[in-house]
Structures are given as C-alpha cells and as structure tokens.
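See structure below.
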Amino acid sequence: MRQIDQKQEHTGSYYAATVNEVTDYPVLEGAKSADVCVVGAGFTGVSTALTLAERGYSVALVEANRVGWGASGRNGGQLINGISGTEKIRKKHGNGIADMLWDIKWRGNDIIYDRVEKYGIQCDLKSGFLEVAPKPRQVSYFEEYAAEREKHNFAYEYEIWDREKTRSMLGTDAYHGGFVCYRDGHLHPLNLCIGEARAAHELGAQIFEQSPVTGIEHGERPRVKTAMGYVEADSVVLAGNAYSQLEPRHLSNLVFPAGSYIIGTEPLSDDLVNEINPLDIAVCDVNEVVDYYRLSADKRLLYGGACNYSGRDPVSIKSYILPRMLKVYPQLKDVRIDFEWGGKIGIVLDRVPAVGRINNNVYYCHGYSGHGVNATHVMGEIMSDAIAGTMERYDLFADMKHFRIPGSQWLGNQIIALGMLFYKMKDKL
Ligand SMILES: Cc1cc2nc3c(=O)[nH]c(=O)nc-3n(C[C@H](O)[C@H](O)[C@H](O)COP(=O)(O)OP(=O)(O)OC[C@H]3O[C@@H](n4cnc5c(N)ncnc54)[C@H](O)[C@@H]3O)c2cc1C
C-alpha cells in the first residue's frame, strides 16, 4: 500500500476543513506522454491545464502534494481585478497597448465567472470587493479608479464611499473612505481549484498528485522526472510559483517567497454580521502591506494580513494576526478563533509576473506578488496561447527584464526586504 506523507496533505485551513472533494489522483509511476506537461497544480497550473484541455491538447498535470495545496488553496479568496506591475509594461510598450492591458486586467475574473457556471463549481462565489483607505491621503486613489473605469466604459457597477458610508457598512471607524466594485468578489479558493482540476480531468487531462518533480531533462521533447516515473511532452509549463526550486540556473533570484497569514473566527451571530459586513463583500486596505478580510459562507470572519520575508512562520499565527483584526473590530474581542494558517506568496521585486521560456519549450510563469486569484487565470490562458504560437500577450510579459538580487539564496531574506524597499522608493520618485 502507498504510504502518504502527512506533510503533503493540506494545511489546517478553513478551506481544507470545508472542501467539497478530497482529491486522490494517482502518483506518477512509469513512462507517460502528453502534448503538454504542467508542473504544479495551483491556479496557474490547473488553469493552464484546463484551458489546454478545452482546446483539445493532451495534458499531464504533476503536483508534489495535492491539487490546491499551495497558495491557491490557502489564500484570502479575494477575486480582484488586475495584475501587479502592468503600469511598468505600459511604460515600456507605450499607450498603444493600454486597451489590451485593460482587457488583461479583467480577463481572469471573466474566466472564473464563466467556469463556475459552465462546470457547476460550488465555490461560494460572491460579487463585491471593497478597497478601504486607512489614511486620509489614500482616498484620492478612488477618484483615479473611477476615472479609469469611465475612460474604458466599464459596464459593471462601482461606487466611491465616503467616510460615513464606509463606517456604516463596515461597523468600524478605521477607514476614511472606500471604493467598491461589483465585478470583483470573493470565493472559496480550494474548492475552485479542485473544481477546475476535476473539469480538466473530465476533459482527459491526466493528473498526478504526491509526485514532486525532481528535474527536467531538456530536449526536443523534454522529460519531466519524478522519483518513480516521468512525462515526455512537446512543451512543459512550470507553475510551482513560490514553492518551486526547479531550474535554479535560470530561475533563482527571480521570485522570492514571503509568508502571509489568516485567522478564521467561529461563525458570527446575525447581529454581528449585519454590523460589520451586511453586503457580504471582500475588503482589503490600500496600504503597502495589506490587511484583507471577508466572511466565509458560514459567516466566519477570515482575516488575513502581514507579510514576512524571514522564511519562518510565526510561532503563533493567531497572536500575530489577532491584534490587527481587533484594531479594526474591537467588538470581536470575545469571538473564538477556530482556524489559523499561512502560505507562501511569490514576490517579484519589480512586481511584474516572471514569464518566459527555457530552451524554447519549457515555459514558466510565476510571481504574482500576493495578487493571484484573477491573475493566474488570465496567465493560464496567455501560456496556452503561447504554446499554440500566439505570442502577443505573452511577449508583453516575457519582454520585461527583471531585477534579480544575485546570491540572495545565500544572503537570506533580509536582502529581499531591502530590495523591496529600493523598488518602493523608486516607484515613489
Ligand atoms: C495567505 C495568502 C493569502 C492570499 N490572498 C490572496 C487573495 O485574497 N487574492 C489574490 O488574488 N491572491 C491572494 N494570494 C496570492 C495567490 O494565492 C497566489 O498568487 C496564487 O494562488 C498563485 O498560484 P500558483 O498556482 O502560481 O501557485 P501555488 O498555488 O503556490 O501552487 C504551486 C504548486 O506547485 C507545486 N509544486 C512546487 N514545486 C513542485 C515540484 N517540483 N513538483 C511538483 N509540484 C510542485 C506546489 O506543491 C503547489 O501546489 C494569497 C496568497 C497567500 C499565501
């Protein structure tokens, strides 16, 4: 009988406790073949695999742990338009691509809404995402958001909230205003990821779990190797994001792991729900290091935040996050905390996702800088287009020259924090 390494099962999140389906795809054993082999079954890998399967490609998806085990199955579940760093792409390529970038910004949302409906994925998808301003000067961002939408004839509902409206809708005095957009929203990310993997599987994709890829043998048909087997394919997509250590010669010093953490309360009373979030929307502040929160389907407050580069999780996630939650919601001081968990975000110093290919047929796509539910889905489509030879959107990302910190794998994560500071200051100048 196959021994299951407990470390390879899901983390102790609210999502793992409320999952629709416990996946049990086989371990990769022996020789397999496919048009495309995708490494890593988070949103990037699953979304790419599903797009390719929908287009008639044969796909093998190889996951070290379980489908959705990484950031995709642990995140805040906030479905937010945009991809980090696209303003840098516009600066490089000029205003001629502004409309294409605007479409890319929303495409991941569209893909998710469509798939949830098409494949009947039960993932508690709700519309509504509110950005809030903890500092008075941040309120000015919201006029810019509205102007951008007006310019593009945005067809969905959005509103700017003043301080009083924000206070009355969120039951807290912590913010000076807000911007709500109803084309964004929130969802149960693990159930979405598993549902999309199921859809890909039903379209013929082979899925292997508990099969860490140990290396790639490059060639005309690269070979993706695990301890007990391999997949040969015309193209490979590396989608391991912050958890991947493959291809160090090409990819080290490019994407850095940072920890982000979430706590989940017990289900809140109807009175509390009506006081702090009667519209049931996702909330995120506009600070550099964000706090984000939302209600789960069973009305727990899932409150996340912080970002650490130390490479070590805090001894107690609850002690780390709870004070942040109580600063916004002192009225929750007697509420029990039932869940605490964390995961790794893939940070790229200049914030543009790191996209490219090695030897022409081994593609990689990672580093969403904490903003990936939407972005991974459009990138899955862009990677699938590139594999089919349509390079227009792929080239926008692949052409970006990324700043690397040589030797950062030995120098430690403090150097990454310094690099981030450098980029923040450069952005402000
Ligand atoms: C706590 C937290 C909260 C977040 N909140 C939000 C949010 O609210 N909204 C938002 O938009 N984004 C959020 N993010 C970011 C978002 O979750 C990520 O950007 C996104 O999930 C990245 O998806 P991915 O598929 O690229 O990577 P992952 O989901 O990390 O998946 C990578 C997978 O590759 C596998 N893998 C790695 N190496 C190998 C190998 N050698 N062989 C086989 N498999 C391998 C891993 O096991 C893993 O399953 C959050 C992230 C975290 C950690």
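The values are calculated or read from the model by the stated rules, or taken from the named source; none is laboratory data. Note that the structure is a prediction, hence the values are computed from the model and not measured. Please note: Cβ atoms are built from the backbone with ideal geometry, for glycine as well, and neighbour counts cover all protein chains shown. Accessible surface areas use protein heavy atoms only, side chains included; no ligands, DNA or RNA. Shrake-Rupley method; radii C 1.70, N 1.55, O 1.52, S 1.80 Å.
Numbers for the structure displayed
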read-out: Criterion: within 16 Å of Tyr156 (Cα to Cα), touching a residue at least 24 places away in the same chain (Cβ under 8 Å) and surrounded by 15 or more Cβ atoms within 10 Å (Cβ to Cβ) - qualifying residue of Leu130, Leu125; value: Leu130
read-out: Selected residue (criterion: nearest to Val19 (Cα to Cα)) from residues of region 66-80 that are in contact with an Asp or Glu (Cβ under 8 Å, 6 or more places away or on another chain) and open to solvent by 20 Å² or more (accessible area, probe 1.4 Å); value: Trp69
read-out: Test: Asn374 is open to solvent by 20 Å² or more (accessible area, probe 1.4 Å) and either closer than 28 Å to Trp69 by Cβ or away from the ligand (no atom under 11 Å from the Cβ) (or both); value: no
read-out: Meets criteria (open to solvent by less than 10 Å² (accessible area, probe 1.4 Å) and free of Cβ contacts under 8 Å to residues at least 60 places away in the same chain) for Phe154; value: no
read-out: Verdict on Gly108 being of a type outside the set (Asp, Glu), within 15 Å of the ligand (Cβ to nearest atom) and under 28 Å from Val180 (Cβ atoms); value: yes
read-out: Close pairs (7 angstrom Cβ cut-off, 6 or more residues apart or separate chains): in contact (Cβ under 8 Å) with a residue 24 or more places away in the chain in region 20-46, surrounded by fewer than 15 Cβ atoms within 10 Å (Cβ to Cβ) and among the charged types (D, E, K, R) anywhere; value: Val27/Arg2
read-out: When residues of region 292-307 are limited to those that are more than 11 Å from the ligand (Cβ to nearest atom) and not hydroxyl-bearing (Ser, Thr, Tyr), the one farthest from Val132 (Cα to Cα); value: Asp298
read-out: Answer residue from region 68-98, given it is touching a strand residue (DSSP E or B) at 6+ places or on another chain (Cβ under 8 Å) and near the ligand (Cβ under 6 Å from one of its atoms) and is farthest from Ser296 (Cα to Cα) among those; value: Gly70
read-out: Tally, over region 304-363, of residues that are open to solvent by less than 70 Å² (accessible area, probe 1.4 Å) and within 24 Å of the chain's Cα centre (by Cα); value: 34
read-out: Among residues of region 17-67, those that are within 13 Å of the ligand (Cβ to nearest atom), out of contact with any Pro (no Cβ under 6 Å at 6 or more places or on another chain) and of a type outside the set (D, E, K, R), counted; value: 23
read-out: Condition met for Leu101 (more than 28 Å from Asp399 (Cβ to Cβ) and either within 13 Å of the ligand (Cβ to nearest atom) or not β-branched (Val, Ile, Thr) (or both)); value: no
read-out: Options Glu148, Glu164; residue that is acidic (Asp, Glu), more than 12 Å from Phe129 (Cα to Cα) and within 26 Å of the chain's Cα centre (by Cα); value: Glu148
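Residues are listed down the side, and each one gets a yes or a no for (1) at pLDDT 95 or above; (2) within 23 Å of Val286 (Cα to Cα); (3) surrounded by 18 or more Cβ atoms within 10 Å (Cβ to Cβ):
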| position | (1), (2), (3) |
| --- | --- |
| Thr86 | no, yes, yes |
| Lys92 | no, no, no |
| Ile112 | yes, no, yes |
| Glu117 | yes, no, no |
| Pro136 | yes, yes, no |
| Asp184 | yes, yes, yes |
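The rows are residues; the columns are (1) in a helix (DSSP H, G or I); (2) at pLDDT 95 or above; (3) acidic (Asp, Glu).
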residue: Cys365; (1), (2), (3): no, yes, no
residue: Ala386; (1), (2), (3): yes, yes, no
residue: Arg393; (1), (2), (3): yes, yes, no
residue: Gln409; (1), (2), (3): yes, no, no
residue: Ile416; (1), (2), (3): yes, no, no
